[in-house]
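Report on one structure; see the data block that follows.
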Amino acid sequence: MAARYRFHRHAPPPHDHARQIPYPNLELPLQVNGSQYEPLTWASIPGWNDDDHLAAYKAFRTSCKPIAAQQGVPPDSKALGSSLRDPCRIAKGLELADTAKAKDFFEQNFVPLRISRLGEDAGFVTGYYEPVLDGSRTQTDVYNVPVYRRPSNLFVRGKTQNSTGLPNGGQVFRKIGRRKLVPYYDRAAIEDGAIAGRGLEIAWLKSSTDLLFAQIQGSARIKLPDGATLRINYDAHNGYPYTAVGRVLIDRGIIPKDQMSMQKIREWMDQNPDGAKELRRQNRSYVFFREVPLSDKDEAVGAQGVPLTPGRSIAVDKALHVYGTPFFIEGELPIESEQSKTPFHRLMIAQDTGSAIVGPARADLYFGAGADAGKVSGRLRHNMQFVMLVPKGLDPIARGRKLPVPDERPSAKIAKLFPQTDPQPTAKPADVPVAPAAKSATKDTAPATPPAPAATAPVAQAAPVAQAVPLPEARPNIPQPPEQRRTRRYRHHRYK
């Protein structure tokens, strides 16, 4: 009780809440973390007038279907938020069949912004495709590399086993019993049979290299011996960060950086089976698939849940961008051959993502399915210019004009209330004139009599020297009486 009394007696005063800034609650201009952007005019974008805008418009309308189905504000709203709903609502009622009209649609509903990573002047692109592989539903001597579906003991916080397509980043756990969680098996453990014999095999492939490339691309078409096609798509991963095997080969000096491509990686792995096994295990990430009911005529489905369009769909950083955002990408790419510099100026639609796609101006270009698409996408590692098309409702220039001008700095107000005067300048010792000394007869002898001071020489006034402020005296060391220990008297009761 005494301690409680002392606490209340010396309790600190309640904290005053900070005064709210009296500014209106206005939306800030567009903000994309870690990026820099520059407003442009349509006429200043190289190659804008030469593109097939109708093809981009069709891909954009495909993305508008899930955008229109969204209700309320998305839980993970990015910079664009739900602003694409207005252009999608307009596009829903437009059945365009002319490239000029499609170009006019984008110019009337969007504003262009050149975007790049902070401190950089360009973005970076790679390519991806859908591999076509030979496989079997059953294990044989030829087909003995399993393609696994998501295991039942793979656990991601906030997700259930019924969730379709788990995130491609973040922590993934393995349940032991009912409560214990440990990191999931890495690639080496899975290849050594950690989850074998549990009925998780969707199909069987010829080589582990085929499986690795299917996991890198995120989807694949498996040609079965009876002529049928099995389509698989990304469903989950084991929680380890992706390590590019091509980067490992470059760092080891095996393949030069200027010659790196997926074809070079495959050739080296086919020629070095033992080295290929060790190289694969440098990438501890492992992807699990699900079977999707698609025919040979259907394109792969991206992370947005819509079919991808070859040459028009891109994968972007999901943490920064919103699916359905148009990006105009301009530069030169080796499309026709490894040494060619084909002009590339094309309006692309963000419809997919990937764990290696990180940054505001980073994209993976989708080129379709098959070997030809794989050759083109495998040699893309180039810097390109990115122009993001922002809905006019988020025009950063128009919204920036609505922001209020901040008040004057508090220091200016204080200076008006308490004017300060500059101290008077004091003469320096060097400013005091000194009478010239008489010249001596020789260099080493002093004059016989000292020179008389000039009577008319002005003497500088000595500047007043500020007196030192005395420090306070030390507190006297007064001996304190010994603290008397308080004892509590207890009344003893005797229980009978």
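Treating each Cα of the range 76-212 as one equal point scatterer and applying the Debye formula with no solvent, the log10 of I(q)/I(0) at q = 0.12 Å⁻¹ comes out as -0.86. Taking 20 °C and 1.002 mPa s as the conditions, I'd like the Stokes-Einstein D for the range 310-407 in µm²/s, using the Kirkwood hydrodynamic radius from alpha carbon pairs. In µm²/s, the coefficient rounds to 142.
So which of LYS65/LYS297; LYS206/LYS341; LYS318/LYS392; LYS206/LYS318; LYS257/LYS277; LYS223/LYS375 end up more than 26 Å apart by C-alpha? Too far apart for the 26 Å limit: LYS206/LYS341; LYS206/LYS318. Peptides 234-242, 122-130, 288-296 ranked from most to least packed give 122-130, 234-242, 288-296, packing being the mean of other C-beta atoms within 10 angstrom over each peptide's residues.
Taking label positions 7 Å along the Cα-Cβ direction at both LYS101 and LEU54, the computed distance is 1.0 nm, reported to one decimal. Once the Cα-Cα distance is subtracted from the 0.36 nm per residue extended length, the LYS206 to ARG157 segment shows a gain of 14.2 nm.
For the range 73-147, the share of accessible area belonging to carbon and sulfur comes to 48 percent (1.4 Å probe, ligands and nucleic acids excluded).
On full extension of the chain, what length is gained from ASN272 through VAL248, given 0.36 nm per residue of separation minus the C-alpha to C-alpha distance?
Working: separation 24, 0.36 × 24 = 8.64 nm, distance 1.48 nm.
Length difference between fully extended and current span is 7.2 nm.
Taken per residue, the accessible surface of the range 204-278 reaches 46 Å², heavy atoms only and a 1.4 Å probe. For LEU320, the solvent-accessible surface computed with a 1.4 Å probe is close to 30 Å², ligands and nucleic acids excluded. Scanning residues 5 or more positions from MET384 or on other chains, those with amide H under 5 Å from its amide H are GLY123, PHE124, VAL125, with H placed 1.01 Å from N in the peptide plane. The simple Förster model, with R0 at 41 Å and r as the Cβ-Cβ distance, assigns GLU120 and THR140 a FRET efficiency of 0.25.
A simple spin-label model places pseudo-atoms 7 Å from Cα toward Cβ; at LYS175 and ILE335 they are separated by 4.9 nm.
ASP192 contributes about 110 Å² of solvent-accessible surface, heavy atoms of the protein only, 1.4 Å probe. In order along the range 285-298, the phi-based Karplus estimate (6.51 cos²θ - 1.76 cosθ + 1.60, θ = phi - 60°) of 3J(HN,Hα) comes to 5, 9, 10, 9, 10, 9, 7, 10, x, 10, 8, 5, 7, 8 Hz; Gly and Pro are listed as x. Close amide H contacts of ILE232 (hydrogens built in the peptide plane, cut-off under 5 Å, sequence separation of 5 or more or a different chain): ALA220, ILE222, VAL292.
The values are calculated or read from the model by the stated rules, or taken from the named source; none is laboratory data. Here the structure is a predicted model, which means the values were calculated and not measured. Backbone-built Cβ (ideal geometry, glycine too); neighbour counts: all protein chains shown. Just so you know, the surface numbers come from the protein's heavy atoms only, side chains and all, with ligands and any DNA or RNA stripped out. Shrake-Rupley method; radii C 1.70, N 1.55, O 1.52, S 1.80 Å.
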